[in-house]
Amino acid sequence: MKYLALLLVSLFGLKPAPAQPIRFAFVTDTHVGAPATAAEDLQRTVNDINAQTDLDFAVFTGDVTDFGSDEEFRIAKQILDGLNKKWYIFPGNHDTKWSENGCNSFRKVFGAERFAFTVGKYRFIGCGSGPNMRMSPGLVAREDVLWLRSEVGKLKGSDQPVIFMNHYPLDESLENWYLLIDELKKTNIQAAFCGHGHANRELNFEGIPGTMGRSNLRAKDQVGGYNIVTMQNDTMTFAERNPGVGTKAAWRTIVLENHHFSQQPAKAYPRPDYSMNEQYATVKPVWAKQDSSDIGAGIVESDGFCIYPNTGGQIVALSTANGAVRWRFATGGKVYSTPEVRKNRVVVASTDGTVYCLDKRSGTLLWKQETGQPIVASPVIDRNTVFIGSSEGKFRALSLADGSVRWTFTGVKGFVESVPVVDKKRVYFGSWGSSLYALDRKTGDSVWRWTNGKMRNFSPAACVPVLVKNRLFIQTPDRTVTAIDAETGKEIWKTNQHKGFESMGVSEDRSLIYVKCMQDSVWAIPSNSANGQGAWFVNCRYGYEISPGPLTERDGLIYVPTDEGALYVIDRRNRKLLWSHKLSNAMLNRVWPLKNRRVLVTTMDGKVALLTADRVLF
């Protein structure tokens, strides 16, 4: 037919009929839940899309909600169900970072977290990006990376043009951007879409034409907006549309073509820098493994067993000696809870709403306590009692022996994410309701509640509190360290001098509080300080840093996990950086130092390793 059309043109001067256009709505960053007008903005957009009979479908590219709550998802889904056209959706970082449901509800509510479909000759592929549950730069989940590889595999030998969509730009703001680009360049990738930046922008992702769309929010305008995308005759145009007002002139035009990336000379595009591993060459993995899922919690070790959870819903036990799998236990949901071990019992919670107690040696279930709601918090065991928070406004004390409930506190505002701390009288924990609680450890009665009075994003929820004698220390996302009287809940001092985010720790002798700053340095503050003034600091040169992983000291070494997969180790006695090692380009979780200067580490993208350093360094 193509040659017949050309013959008719040459013989009779007839022009072939233009290709049937593909037109769709490109909507992003709707942020239902905040500001107050977000739901109204989305409803206006849905009504506007419905009124246009020439639109084929709509895509929603992440940050559908502002805080990832079930209520926000419900509102958004109710509005989107009013669309009279096909629509496709995936989550963004706001849908997954503050997820009371452990990143499970998006799929349950919307039916999927990614999409792949064909319209005309084009294959549309899209998936979301975190960070999932832990504050860090953007990251496409390990499961989604593997899914994309399978989708690319299906196109092998095909020249079908591909349009890719993600919430983040395919650049260094997304920790594993290069994995996606390398996969996409195996296909006839012709364009890539993203949101996240809330503005219309022309981008380029290593030769792939990229386009960022504006937020659907109205901001300071009267109405919000989205983009109308038109594909016709190998050309793609973007035009901003304001619901009820009209469509502006096209602001972006892309020629859709096969770039033949596999045939092009190799170019030196930016890639993660692992040169620190050459600088500290005596630091090496004793063993290392790659999980098929993300790992969003810390690893623990006991008597030759190292145990970690993954977002595939498993609890995995490895041999500390060689990394061999000793056992696996499957739960019914993603797991973001760091296990706690007491003798031969392992206690961990799952987002399937259950607290599990397993036999450390075999992984056999000893007991379980079902709560009915997802749990993303981690347990602590003290005097044969398990203390753990949940996502339905409750905090529980369970019997380590059989899991029976000793008491339940029902007055939690927001949900609990972190690890509680316990003393002889009380248990302390924070929540994503801008609050820190002290409960009577025997009865669960409220003793006091502290709040910084700020919006929920600044809550004392991700930080693991530090308790020294009668002082409780927290670091909140408003860049503030606060010392609180554990008896009364009154502030002793507060400082924003160190500009940390959520990560802190305590020295082995409990004389120092360690604060990981957001830029390069770790500060040491005397735990008996009258004003929070730092005693000394070490410049680790890790750059900009926001991950919540706590600092840990063992045998005079301070272990500092970071959000780009590098572990920094400080010699406390000499107050200097001793070594660093980069395992991945994704966030390190809470690490577990062992004797003989070895340390167990896990990363958000599923790497597990036992690192060791040659004694010559010391």
* **Answer residue from region 197-256, given it is open to solvent by less than 10 Å² (accessible area, probe 1.4 Å) and β-branched (V, I, T) and is nearest to A39 (Cα to Cα) among those** => I228
* Sort out which residues of region 244-266 are in a loop (DSSP other than H, G, I, E, B), over 35 Å from the mean Cα position of the chain (by Cα) and at positive phi, and write them in order of number. => G244
* Structure fact -> Across (1) assigned to a loop (DSSP other than H, G, I, E, B); (2) touching a Phe, Trp or Tyr at 6+ places or on another chain (Cβ under 6 Å); (3) of a type in the set (A, V, I, L, M, F, W, C), A397 clears everything bar (1)
* What strands (runs of 3 or more DSSP E) lie completely within region 476-589 and have 3 or more residues being under 21 Å from P285 (Cβ atoms)? -> 557-561, 566-571, 576-582
* Asked: Does region 42-53 contain at least one residue that is modelled with pLDDT of 95 or more and under 19 Å from the mean Cα position of the chain (by Cα)?
  -> no
* **Tally, over region 258-299, of residues that are under 16 Å from V591 (Cβ atoms), open to solvent by less than 60 Å² (accessible area, probe 1.4 Å) and small (G, A, S)** => 3
* Could you identify the single residue in N457, N470, N452 that is of a type outside the set (D, E, K, R) and open to solvent by 50 Å² or more (accessible area, probe 1.4 Å)? => N470
* To do: Give the number of residues within region 51-76 that are open to solvent by 40 Å² or more (accessible area, probe 1.4 Å), in contact (Cβ under 8 Å) with a residue 24 or more places away in the chain and either farther than 13 Å from G33 by Cβ or in a loop (DSSP other than H, G, I, E, B) (or both).
  => 2
* **Failed item in (1) among the charged types (D, E, K, R); (2) within 30 Å of V538 (Cα to Cα); (3) open to solvent by less than 20 Å² (accessible area, probe 1.4 Å), with R426 passing the rest** => (2)
* Structure fact -> Among S362, S404, S378, S350, the single one that is open to solvent by 10 Å² or more (accessible area, probe 1.4 Å), under 28 Å from A324 (Cβ atoms), at pLDDT 95 or above and among the small types (G, A, S) is S362
* To do: Please determine, by comparing only the residues of region 24-46 that are in a helix (DSSP H, G or I) and open to solvent by less than 10 Å² (accessible area, probe 1.4 Å), which one is farthest from V119 (Cα to Cα).
  => A38
* **Residue count for region 99-112, restricted to those that are open to solvent by 20 Å² or more (accessible area, probe 1.4 Å) and either touching a residue at least 60 places away in the same chain (Cβ under 8 Å) or not in a helix (DSSP H, G or I) (or both)** => 3
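The values are calculated or read from the model by the stated rules, or taken from the named source; none is laboratory data. These numbers come from a predicted model, not from an experiment. Methodologically, a virtual Cβ is constructed for each residue, glycine included, from the backbone with ideal geometry; neighbour enumeration extends over all protein chains shown. With ligands, DNA and RNA removed, areas are computed over all heavy atoms of the protein, side chains included. Shrake-Rupley method; radii C 1.70, N 1.55, O 1.52, S 1.80 Å.
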